[in-house]
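Reading through the structure tokens given below for one structure.
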Amino acid sequence: MPSMHETEPRTHILPGSFFARDTVTVAHGLLGKILVSRRGDTVTGGRIVETEAYLGTHDPGSHAATKGITGRNAVMYGPPGRAYVYFTYGNHHMLNVVTEPEGIAGAVLVRALEPLFGVDAMMRRRASRAAGARLRERDLANGPGKLAAALGIDLADNGSVLGTGTLAVHDAPDPTEPVATSGRVGLSDGHELELRFYLEGNPYVSKGRVGPRPARTRS
DNA sequence: CGCACGATGCGCT
DNA sequence: GCGCATCGTGCGA
């Protein structure tokens, strides 16, 4: 049973052509694939169990909605197969994979991983953010902010080419779990579109709630 | 268990 | 200034 001591997957890195397709196809196709982060000697990663598709100018939930190219979203319009990382809520980084041919905006948010590699390192990175609390393995990367923290991802990864540097997606057999679809999590606009994909019954899927973001009351 | 809320910093109007 | 592709904690059931 090699999994306990495995430090990196033996499978092939996905080619750029995998990402140069329509965003929904890529979001669906990434389920079950293996995301790997390499920071020096530290290798962490796991199986992708939840994704969301973010489309171009006609998608009200996308950073590319109506605004055109800005400093933040420019990577979404660039070549496919790169990481689009942004910072939000003052605390959290989000990892996306750029899709569609160059010039067309699109990205897939990777929302949850089933941890496979470097579990101890992921625990350490996550513990620094949640001091004191005991962390279950199923809570290591069951949400996009947790996933980025566990893999050590920050803005330095924005625009990096997947498979050539510190981040890569490896091929894997098609998942045995059925793929379920729902509205996207945490959006005020565009949550009604069925663009979230996850492996039904997998315990590492996030518990984020689907629907309109509740209005925040101010004091 | 579920729901409610504050933290926190940057992009955009 | 406002809002955000979130998270952890606190509190009640």
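Counting every Cα pair in segment A:34-110, what percent are over 16 Å apart? Kindly include the intermediate steps, with their values, before the conclusion.
Details: 1566 of 2926 pairs.
Every Cα pair in segment A:34-110 considered, those over 16 Å come to 54 percent.
Taking the Cα centre of chain A as the origin and placing charges on Cβ (Lys, Arg +1; Asp, Glu -1), which of A:PRO214, A:LEU151, A:VAL179 is farthest toward the positive end of the dipole?
Farthest along the dipole direction, towards plus: A:PRO214.
In deg cm²/dmol and to the nearest 500, what is the mean residue ellipticity at 222 nm of chain A if only DSSP H runs of at least 4 residues count, each as -39500 (n - 2.57), divided by the residue total?
On the way: 5 runs with 32 residues, N = 219.
So the helix-based figure for chain A works out to -3500 deg cm²/dmol.
Note down the nm distance, to one decimal, between modelled labels 7 Å out along Cα→Cβ at A:ASP41 and at A:THR181.
If labels sit at A:ASP41 and A:THR181, their model points lie 4.7 nm apart.
Enter the Cα centre distance for the pair segment A:77-139 and segment A:15-51, rounded to the nearest angstrom.
Centre-to-centre distance over Cα atoms comes out at 11 Å.
Take chain A, connect every pair of alpha-carbon atoms lying under 10 Å apart with a spring to form a Gaussian network, then pick out the residue of A:ALA127, A:ALA168, A:ALA83 with the largest mean-square fluctuation.
Comparing A:ALA127, A:ALA168, A:ALA83 in the GNM, the peak value goes to A:ALA127.
If each Cα of segment A:71-146 is one equal point scatterer, what is log10 of I(q)/I(0) from the Debye formula at q = 0.14, 0.25 Å⁻¹?
Taking Cα atoms of segment A:71-146 as identical point scatterers yields -0.55, -1.10.
How big is the charge dipole of chain A about its Cα centre, in debye rounded to the nearest 20, if each Lys and Arg gets +1 on its Cβ and each Asp and Glu gets -1 on its Cβ?
Working: 25 positive and 22 negative charges, 193 e Å.
Approximately 920 debye in magnitude.
Using a Gaussian network model of chain A whose springs link C-alpha atoms within less than 10 Å, name the residue from A:GLU114, A:GLU177, A:GLU100 with the highest mean-square fluctuation.
A:GLU177
Defining a contact as two alpha carbons under 8 Å apart and six or more residues distant in sequence, what relative contact order in percent does chain A show?
Details: 517 pairs, mean separation 54.8, N = 219.
Result for chain A is 25 percent.
Debye calculation, C-alpha points only, no solvent: report log10 I(q)/I(0) for chain A at q = 0.08, 0.15, 0.18 Å⁻¹, in the same order as the q values.
Debye curve over Cα of chain A, log10 I(q)/I(0) at q = 0.08, 0.15, 0.18 Å⁻¹: -0.26, -0.95, -1.40.
Values in this text are rule-based calculations from the coordinates and carry no lab data. For clarity, every value in this text was computed on a predicted model and none was experimentally measured. Methodologically, a virtual Cβ is constructed for each residue, glycine included, from the backbone with ideal geometry; neighbour enumeration extends over all protein chains shown.
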